[in-house]
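> First, the structure itself, so that you have it in front of you.
The values are calculated or read from the model by the stated rules, or taken from the named source; none is laboratory data. Every value quoted in this text rests on a predicted model; they were computed, and no experiment measured them. Virtual Cβ from ideal backbone geometry, glycine too; neighbours counted across all protein chains shown. Accessible surface areas use protein heavy atoms only, side chains included; no ligands, DNA or RNA. Shrake-Rupley method; radii C 1.70, N 1.55, O 1.52, S 1.80 Å.
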Amino acid sequence: MNSKKNPYSVLGISRDATQDQIKKAYRDLARKHHPDMNQGDKTSEEKFKEIQHAYEILSDSEKRKNYDMFGGESFSDRGQGTYGQYSRGFPGIDEIFKDMFSQRGVQYRADGSFGDLFDFPGARRERPKNIEYSVTLDFETAVKGGEKELLIKSSEEDTRKITVNIPAGVNTGSRVRLPRKDNQRSSAADIVLVIKKVFPHPLFIRENDDIYIDLPLTIYEAALGTSIDVPTVYGPVKLTIPPGVRNGTKMKLKEKGVRNPKTSERGSQFVVIQIVMPEQTEKGLEEIIREMKERYPYNPRKKLSRYL
């Protein structure tokens, strides 16, 4: 450690800094470079010693005055002791560490050492920030749940593939916290999946926990009624169409919608009737329709007549 380093530069402050500014700069840097936070990092340990030495000078009014007048020549190295030994005996050190580490749920001992940062019994643990991964899903996986492969990049050299379970009922914007493994440390960061986009389905439309599908019918099926296999995300279902069903009628299939992740209750699927005319009207069919018009006249726009 070089005792001649400018303590103001070490703490990143100006020469006219107040004691409050000095203490704040010291607290921020000490928290960042403390060896308990950087296990085995020799560079951080040396940096921590420099920060301690700078604070020793600037936190004491007489020492600071001497430094401002005579520079670093009046201060000698304090040796190469451990960070615990080096942290003892400086003005205000105990007060600062007790305050700084108690906020993290860490025990500060009288000998200048610290309890385990995460395993101290009853400690208030400050967890690392969650690691978020954005994923896209197909419609059916989002509705029914399923597995998804992810490439997890922990470093430039280390990329691994993991398979995660997607719960049923997620949608665009949903956040899924992956469950911890039994052997995972409580101090490890959580992995949170952010559902960036759920791709649309060619048949189904989702509205909250309900699913909608258009069901095309011929005019004969609509008039006479029929029984039809209707697709759902869980497989086909037989649906009975009553005679005389109208265009736009919604028929409900209970519990064929989306399972709500919070309540576990499943929504419904609504089948919307769409009556489709023949692509071409053959001459014989045209005659039949004209005959129907004469024999069975009706006015579907009766409600509009008062406004016309």
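> Exactly one condition in (1) small (Gly, Ala, Ser); (2) part of a loop (DSSP other than H, G, I, E, B); (3) modelled with pLDDT of 95 or more is not met by SER227; state its number.
The one condition SER227 does not meet is (2).
> Right, something else. Taking region 292-308, which residues are open to solvent by 100 Å² or more (accessible area, probe 1.4 Å) and under 15 Å from ILE219 (Cβ atoms)?
Selection gives MET292, LYS293, TYR296, TYR298.
> Exactly one of these conditions fails for GLU279: (1) open to solvent by 100 Å² or more (accessible area, probe 1.4 Å); (2) modelled with pLDDT under 90; (3) in a helix (DSSP H, G or I). Give me its number.
The one condition GLU279 does not meet is (3).
> Which residues, taken from region 253-276, are open to solvent by 100 Å² or more (accessible area, probe 1.4 Å) and out of contact with any Lys or Arg (no Cβ under 9 Å at 6 or more places or on another chain)?
So in region 253-276, the residues open to solvent by 100 Å² or more (accessible area, probe 1.4 Å) come out as 254-255, 262, 265.
If the condition is that a residue be open to solvent by 100 Å² or more (accessible area, probe 1.4 Å) and out of contact with any Lys or Arg (no Cβ under 9 Å at 6 or more places or on another chain), then LYS262 is the only one that fits.
> So, GLU221, is that one open to solvent by less than 60 Å² (accessible area, probe 1.4 Å) and outside any loop (DSSP other than H, G, I, E, B) or not? Before you say what the answer is, go through the steps one by one.
Numbers: open to solvent by less than 60 Å² (accessible area, probe 1.4 Å): yes; outside any loop (DSSP other than H, G, I, E, B): yes.
When the stated conditions are applied, GLU221 passes them.
Here is a yes/no grid of residues against (1) in a loop (DSSP other than H, G, I, E, B); (2) open to solvent by 30 Å² or more (accessible area, probe 1.4 Å); (3) farther than 28 Å from SER134 by Cβ:
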{"residue": "HIS201", "(1), (2), (3)": "yes, yes, no"}
{"residue": "ILE211", "(1), (2), (3)": "no, no, no"}
{"residue": "ASP214", "(1), (2), (3)": "no, yes, yes"}
{"residue": "GLY244", "(1), (2), (3)": "yes, yes, yes"}
{"residue": "ASN247", "(1), (2), (3)": "yes, yes, yes"}
{"residue": "MET251", "(1), (2), (3)": "no, yes, yes"}
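> Still on this structure: On the basis of being in a strand (DSSP E or B) and not hydrophobic (A, V, I, L, M, F, W, C), does LYS256 make the cut? Walk me through it before giving the result.
Details: in a strand (DSSP E or B): no; not hydrophobic (A, V, I, L, M, F, W, C): yes.
Answer is no for this residue.
> Could you check how many residues of region 135-158 are within 13 Å of ILE195 (Cα to Cα), at pLDDT 90 or above and not hydrophobic (A, V, I, L, M, F, W, C)?
4
> List the helices (runs of 4 or more DSSP H) that sit entirely inside region 1-83 and contain at least 3 residues that are open to solvent by less than 30 Å² (accessible area, probe 1.4 Å) and either modelled with pLDDT of 90 or more or hydrophobic (A, V, I, L, M, F, W, C) (or both).
It comes to 7-11, 19-33, 42-58.
> Can LYS161 be described as under 30 Å from TYR234 (Cα atoms), open to solvent by 30 Å² or more (accessible area, probe 1.4 Å), over 17 Å from the mean Cα position of the chain (by Cα) and at pLDDT below 90? Step through it out loud before you land on a result.
Details: under 30 Å from TYR234 (Cα atoms): yes; open to solvent by 30 Å² or more (accessible area, probe 1.4 Å): yes; over 17 Å from the mean Cα position of the chain (by Cα): yes; at pLDDT below 90: yes.
So LYS161 passes the test.
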